[in-house]
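These notes are about the structure you will find just below.
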Amino acid sequence: MKRKTLLAAELSWTEFEEYMRHDDVLIIPVGMLEEHGQHNPLGTDTYIAGHCAALIGERAGALVAPVFPYGYGPEGKKFPGQVSLSPQLLRKILYAYGACYAKHGARRFLFVNGHGGNAGVLRMVTGDLWYDYHALCASTEWWLLVPQIKPELPCNDHGGFYETSCMLAIKPELVDMNRAQDPVPDTILSEHIRAGYTVTYQGEPFFATIDDYRLGRAGNLGAPPQGANERIGADVLEAYIDYNAGLIGELRKIELQNKGN
């Protein structure tokens, strides 16, 4: 007998059709293939997004689409193995991904985003799906959300302490802590501007694209990876998963009108 599953790829088309008759929620994880230090795999963002999406789906009783493993990340193009799509192409692909499901009943989407460079594109995609299909879309990122829920977990790194801890909780066999290196020290660009994990003026972050100052040979930023551990990673992931499961419950309560009304 076929086991019960909430993974869309494991359903037949008739099972998917039947599921959409009683629930119109779909979770879409989006990742990236890029450097995360010499100790983490290129697929770090994809593994974290896919893992979280599957557990959110279990907890919320919602279908989970296959993870999309590519994103937008030109800052790491000097690192072998990195794959970066243009933001225009990524927007078209993710829109088409959602639209295919929207045409067959999905009306509420949760994008579980594993990569910072995807955030701006996903915000546009959520608007595209709303205006074209009246589909209610949410998009969340663990590194921004968790510090708001648990200030003791700042998640202030790329391939550093917190992201490495998440990987140790998910796929420890892919992490080689013997190769972990300290991040590049913050670069002092002017009297009050520093470039590190974030770019800051008088200690407060602002956006600027100056990655030549931020990325060294190691490829990780922010909190050093040394000391990363599975327990911290599990705490980070649990906070994120629990929040998103609750968010889906609230999204289900919103009454959606038919498009054109």
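Between Leu144 and Ile93, how many nm apart are label points set 7 Å from Cα along the C-beta direction?
Between Leu144 and Ile93, the label points sit 2.1 nm apart.
How are the C-alpha pair distances of the chain spread across 5 Å bins, as whole percents from the shortest bin up?
1, 6, 13, 16, 18, 16, 12, 8, 5, 3, 1, 0, 0, 0
Let me know the number of lysine pairs in the chain closer than 23 Å at the Cα, not counting same-chain pairs under 8 apart.
Step by step, the pairs that qualify in the chain add up to 5.
Let a ≥ b ≥ c be the square roots of the eigenvalues of the Cα gyration tensor of the range 32-114; is it rounded (a/c under 1.5), or, if not, prolate (a/b larger than b/c) or oblate?
Taking the square roots of the gyration eigenvalues as a ≥ b ≥ c, the range 32-114 is oblate.
What spacing in nm lies between the two simple spin-label points modelled at Glu10 and Asn178, each 7 Å away from Cα in the Cβ direction?
Here the answer is 3.5 nm between the modelled labels.
Given the C-alpha atoms of the range 140-213, compute the convex hull and give its volume per residue in Å³.
For the range 140-213, the hull spanned by Cα atoms encloses 127 Å³ per residue.
Multiply the residue gap between Val83 and Asn156 by 0.36 nm, knock off their C-alpha separation, and tell me the result in nm, one decimal place.
23.9 nm
Cα gyration tensor of the range 64-169, axes a ≥ b ≥ c as square roots of the eigenvalues: rounded (a/c below 1.5), prolate (a/b > b/c) or oblate?
oblate
First select every other residue whose beta carbon is under 13 angstrom from the beta carbon of Ser86; then total the charges, Lys and Arg +1, Asp and Glu -1.
In short, +3.
The range 141-210: which chymotrypsin sites (Phe, Trp or Tyr not before Pro) are DSSP loop and have at most 15 other beta-carbon atoms within 10 angstrom?
Taking the range 141-210 and a limit of 15 other Cβ atoms within 10 Å, the loop chymotrypsin sites (Phe, Trp or Tyr not before Pro) found are Phe207.
Quick check: residue separation of Phe207 and Arg21 times 0.36 nm, minus the Cα distance between them. What number comes out in nm?
The Phe207-Arg21 span can extend by a further 62.6 nm.
Could you tell me the extents of the range 68-124's C-alpha atoms along the three principal axes, largest first, rounded to whole Å?
42, 17, 16
Can you tell which of His104, His36, His22 shows the greatest fluctuation in a Gaussian network model of the chain with Cα springs below 10 Å?
Of His104, His36, His22, the most mobile in the Gaussian network model is His22.
What percent do you get for the relative contact order of the range 86-155 when only Cα pairs under 8 Å and 6+ apart count?
For the range 86-155, the relative contact order is 32 percent.
Taking the chain as a Gaussian network, where each spring joins two C-alpha atoms under 10 Å apart, which residue of Glu191, Glu15, Glu173 fluctuates the most?
It is Glu191.
Can you give the % of DSSP beta bridges in the chain that are antiparallel, to the nearest 5?
40
For the chain, which DSSP H helices look membrane-span-like by this rule: Cα extent along the axis of 27 Å or more and mean Kyte-Doolittle of at least 0.0?
none
Since every read-out is calculated from the coordinates, none of them should be taken as a lab result. Bear in mind the structure is a predicted one, so any value in this text is a computation, not a measurement. Cβ sites come from the backbone with ideal geometry, for glycine too, and all protein chains shown count toward neighbours.
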